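What follows is a short report on a single structure.
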Amino acid sequence: MKKFLSLLITVILVTSCGIYSFSGTSIQPDVHTICVEPIVNNALKVNPSLSNQLTEALLDKYKKLTKLRQVDDMADLYVSGEITSYDIQATAITADEVAAQNRLTVTVRIKYSNVKYPEEDFEQNFVAYRDYSSERSLDEVEATLCDEIVETIVEDIFNATVAQW
């Protein structure tokens, strides 16, 4: 009987608290729609597929982990952004002053608006990087590095917008 009672109390608490979900999101119960605008690439060095890759990854993340319906306008939540930087820098220099390791860094500026709860609005930079051996060219590793960087940035954006971590 104690197990049943504690299970019943747990179910009541979880279902009555309308802003918690098991995916870790904290979306208010009256928020139902989201508009993710295409991420614009304004970096000096441009990876032609990165903008679309980021946009699609964001759309997929919200679709998989929330019940938000994706719309083109008149949404409760808006996410827009731009790639502001796509840089490669040497991170480890050998005694011969040659780069032993390089770093690809991507910076994305995101603007988040919550129409129903404007106190949650923000504009913020999200940065992720990956290192790679200078023995390999960027062309060899760029696709893999970008996949990993996009995954990190999308996770950070998702957490900042609807998980609020």
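Tabulated results
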| item | result |
| --- | --- |
| Net charge over other residues, Cβ less than 13 angstrom from the Cβ of A160 (K, R count +1; D, E count -1) | -2 |
| Relative contact order computed over region 28-163 (Cα-Cα under 8 Å; 6+ residues apart), in percent | 23 |
| Net charge of Cβ neighbours under 12 Å - reference Y132; Lys, Arg +1; Asp, Glu -1 | -3 |
| Mean Cβ count within 10 Å, highest first, over the residues of peptides 82-90, 130-138 | 82-90, 130-138 |
| Peptides 37-43, 67-73, 112-118 ordered by average Cβ neighbours within 10 Å, highest first | 37-43, 112-118, 67-73 |
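No value in this document is a laboratory result; all are computed from the given coordinates. Everything quoted here is computed from the prediction, not taken from an experiment. Note: ideal-geometry Cβ built from the backbone for every residue, glycine included; neighbour counts use all protein chains shown.
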